[in-house]
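The values are calculated or read from the model by the stated rules, or taken from the named source; none is laboratory data. These numbers were taken from a predicted model, which means no experiment stands behind them. When we count neighbours, we look across all protein chains shown, and the Cβ atoms used for this are built from the backbone with ideal geometry, even at glycine.
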Amino acid sequence: MDNNLDRLKSDLKLNTPARFYVFYGEEAYLRNYYLDSLRRLVVEDFAEAFNFHRFNAQTISLQGVLDSLEALPMMAQRSMVQIDDVNFFTMGEDGAAYAKFFSDIPDYCTVVLVYETVEFKLDRRKKALAEAFDRAVTVEFTQPSDRELITWVGRHLKKHGKHITVDDAEYLIHRTGGGMTALLGEIGKLAAYVEDETVTRSHIDLLVEPALEAETWDLTDAIADGRYETALQLLRTLLQKQEEPGKILGSVGAQMRRLLAAKRLMDAGKRQQDLMQLCGIKSYPAQKSMEKARRLSPRFCARAVELCLEADLRLKTSYDTPSRVLELLVLELAGESRNG
């Protein structure tokens, strides 16, 4: 995670907010947590209506932002301006004007640019804006490491008087996709339902709504294990849940590519860490991919990737229904699995 997260934590702890922040990154829970913490620090509740100003791509204007920056705090020491999902680098002449604003933020004001649905990327060709952004405390909120997430899961369950083993916490993270917002919701469900002190894997399987990646993992596991009817039923369940066929195929294809990578790495004498680095995945899916690939032939792994690519082409170009294209893929994979 970006080192500026430590700077942000220090600003919050010491009550010394900076004038200019940029928040971005995939982990929405952390981004929202620190954004709320910063707002509570800067803006006092009773004066929020006067001292908190918020804009997005539809409401932003040069005059509106300028007025908000120049407005002295009312009944408070500070004010805050939050701007959501605005790409200033595509604004032309207006971008230069905003660059001037951001380079001269009053000492009583904190400006926070938040990027959730719009990608944040500096464009060095826009020199004035790039220089203004260089003055910001830029914080990227990425998904924590496995170890950090396991500790976080255990800590939140402990607040409810519950315990979970490291292995089962890792399994819970895998089933939810690892997003902290999703994890927090599932932790609440588990804590409310489980009467015993310990949350187990059986509780997780019963209560937790699995992420698409986890469900397609189950599907590819069934194929690799020769459980073809189970694989078809899992696919039909996904389609009944109205999951986008393209996303299902993309997730199955990604898992097949991981299995192929795992097989080739093992054949070259490489280990789990190499797969994690190559595919950008966490330890649990890397470990399971290595275990599964160990039982599969190089021919099946390579052919499975080819079949996924062929299915993707059919999905985009044929007149066949998406569900039939996906079912045909499962049957083709099953046939390859039988052939070794």
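Brief remarks on what is shown
- Residue in the range 43-51 that is surrounded by 16 or more Cβ atoms within 10 Å (Cβ to Cβ), of a type in the set (Asp, Glu) and modelled with pLDDT under 95 present: yes
- Pairs, first under 18 Å from GLU116 (Cβ atoms) in the range 40-67, second in a loop (DSSP other than H, G, I, E, B) and of a type in the set (Gly, Ala, Ser), C-beta under 9 Å, six or more apart: PHE55/SER61
- Of the listed requirements (1) under 30 Å from SER297 (Cα atoms); (2) of a type outside the set (A, V, I, L, M, F, W, C); (3) surrounded by 14 or more Cβ atoms within 10 Å (Cβ to Cβ), HIS203 misses just one: (1).
- Residues satisfying the stated conditions in the range 157-181, i.e. over 19 Å from SER202 (Cα atoms) and either touching a strand residue (DSSP E or B) at 6+ places or on another chain (Cβ under 8 Å) or of a type outside the set (Lys, Arg) (or both): GLY179, MET180, THR181
- Residue within the range 38-55 that is under 21 Å from THR142 (Cβ atoms), part of a helix (DSSP H, G or I) and not assigned by TED's automatic domain parsing to the domain that holds LEU184 present: yes
Here is a yes/no grid of residues against (1) surrounded by fewer than 16 Cβ atoms within 10 Å (Cβ to Cβ); (2) assigned by TED's automatic domain parsing to the domain that holds LYS247; (3) in contact (Cβ under 8 Å) with a residue 60 or more places away in the chain; (4) basic (Lys, Arg):
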position	(1), (2), (3), (4)
LEU275	no, yes, no, no
GLY280	yes, yes, no, no
SER283	no, yes, yes, no
GLU291	yes, yes, no, no
ARG294	yes, yes, no, yes
SER297	yes, yes, no, no
GLU306	yes, yes, no, no
GLU310	yes, yes, no, no
LEU313	yes, yes, no, no
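- Those residues of the range 316-340 which are over 17 Å from GLN255 (Cβ atoms) and in a helix (DSSP H, G or I), in sequence order: LYS316, THR317, PRO322, SER323, ARG324, VAL325, GLU327, LEU328, LEU331, GLY335, ARG338, ASN339
- Taking (1) modelled with pLDDT of 95 or more; (2) within 30 Å of ILE150 (Cα to Cα) in turn, ALA293 satisfies each apart from (1).
- The selection criterion, being basic (Lys, Arg) and under 19 Å from SER251 (Cα atoms), holds for ARG175.
- The condition of being in contact with an Asp or Glu (Cβ under 9 Å, 6 or more places away or on another chain) and buried (at least 16 other Cβ atoms within 10 Å of the Cβ) holds for only one of ALA71, ALA130, ALA99, ALA57, that being ALA99.
- Which numbered condition LEU113 misses (of (1) touching a helix residue (DSSP H, G or I) at 6+ places or on another chain (Cβ under 7 Å); (2) among the hydrophobic types (A, V, I, L, M, F, W, C); (3) touching a residue at least 40 places away in the same chain (Cβ under 8 Å)): (1)
- Some residue of the range 44-57 being of a type outside the set (Ser, Thr, Tyr) and within 20 Å of MET180 (Cβ to Cβ): no
- Contacts under 7 angstrom Cβ, first residue in the range 13-39 being over 11 Å from LEU113 (Cα atoms), partner charged (D, E, K, R) and in a helix (DSSP H, G or I), 6 or more apart: PRO17/ASP11; ALA18/ASP11; GLY25/ARG31
- With respect to the conditions (1) of a type in the set (Asp, Glu); (2) in contact (Cβ under 8 Å) with a residue 40 or more places away in the chain; (3) surrounded by 16 or more Cβ atoms within 10 Å (Cβ to Cβ), ASP84 lacks only one, and its number is (2).
- Members of the range 102-127 found to be within 15 Å of PRO17 (Cα to Cα) and either exposed (fewer than 15 other Cβ atoms within 10 Å of the Cβ) or not assigned by TED's automatic domain parsing to the domain that holds PHE20 (or both), listed by number: ASP107
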